[in-house]
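Inspection log for the structure reproduced underneath, given as structure tokens.
The values are calculated or read from the model by the stated rules, or taken from the named source; none is laboratory data. Remember, it's a predicted structure, so these values are computed and weren't measured experimentally. Backbone-built Cβ (ideal geometry, glycine too); neighbour counts: all protein chains shown. For accessibility, only protein heavy atoms count, side chains too; no ligands or nucleic acids. Shrake-Rupley method; radii C 1.70, N 1.55, O 1.52, S 1.80 Å.
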Amino acid sequence: MTRISLRKGLHLTWQGREYVIEQCLTTGEVLLQDVLTNHLSSLKATALTQLLVQGELEFIEVEATRGKQSHSLKGYISADFTQLPSELREESKRKYRYIERVLSNNILKRTESNLKPIINQVALEIEDSQPPSWLTLWRWLKDYEASGQDIRSLVPKYVSKGNRQPRLNPEVRKIISKAIEQVYLKPSQASGADVYERVIIEINQSNRLREAIGQDSLEIPNIAAIYRAIRQLDPYVKAVGRYGKRITSQMYDPVQKGRIHSAH
């Protein structure tokens, strides 16, 4: 293991969060600053060393990441958060504001009725003119928790797609997400083609307004984009929307239902 001397400005990741050493105190403690929240905390230098040996803490070679202008999501995940382009950092922090509110309120059931009030509240506080849909926030939470609560998991994923798929306008993505909520995730069990029809209607309406105020028109996406978005839905969320909670519970918990029945 390469010996790393503790010094001001050294970056590290611990418990899924990124910190920078603000100061090495004469008391043997190290003052750490959370890169995301700017919150300061202290930890014994010996404790830092032990965490490093145990593999629970990892130092980030900032100099290496500065020399590599990676434009892939993989590159960003392994990079120092402070070295990312400012627009990506700000977008990640915007997502985190919504996520942090869900986690701080200990909301375990991430349903539409539970997430929408939080979205409205946070959007008002941070003056977000384009707040996420509840499904989008649900996906952000899933990615964030799967990464061990690493802020870099919230870096916009479109940077990793290259030219494999056309990049959708954010407003078009919002329209697709809204159409899926209002058309697909309903007991009528509409098809992807029905969602696509709604998307076309919404985009045409939006384009009439955009034309009136001199903005560029939105392009109607390929129907494949609709089916990709539907495939990315969580199976449980999809089932609840289309079949209801009672039937979904029977679908996802058949063993428990059988035990209850046999007990009688």
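One residue alone among ILE230, ILE247 is at pLDDT 85 or above and β-branched (Val, Ile, Thr), and that residue is ILE230.
Looking across the stretch 171-197, the residues that are over 15 Å from LEU135 (Cβ atoms) and of a type outside the set (Phe, Trp, Tyr) come down to GLU171, VAL172, PRO187, SER188, GLN189, ALA190, SER191, GLY192, ALA193, ASP194, GLU197. Condition check for LEU124 on (1) open to solvent by 90 Å² or more (accessible area, probe 1.4 Å); (2) modelled with pLDDT under 85; (3) within 21 Å of the chain's Cα centre (by Cα): one failure, at (2). Where residues in the stretch 172-192 are open to solvent by 50 Å² or more (accessible area, probe 1.4 Å) and in a helix (DSSP H, G or I), which of them is farthest from SER206 (Cα to Cα)? That would be GLN182. Please determine whether any residue of the stretch 166-174 is under 19 Å from LEU233 (Cα atoms) and modelled with pLDDT under 85. Within the stretch 166-174, one or more residues are under 19 Å from LEU233 (Cα atoms) and modelled with pLDDT under 85.
Of the residues SER78, SER113, the single one that is open to solvent by 70 Å² or more (accessible area, probe 1.4 Å), at pLDDT 70 or above and not charged (D, E, K, R) is SER113.
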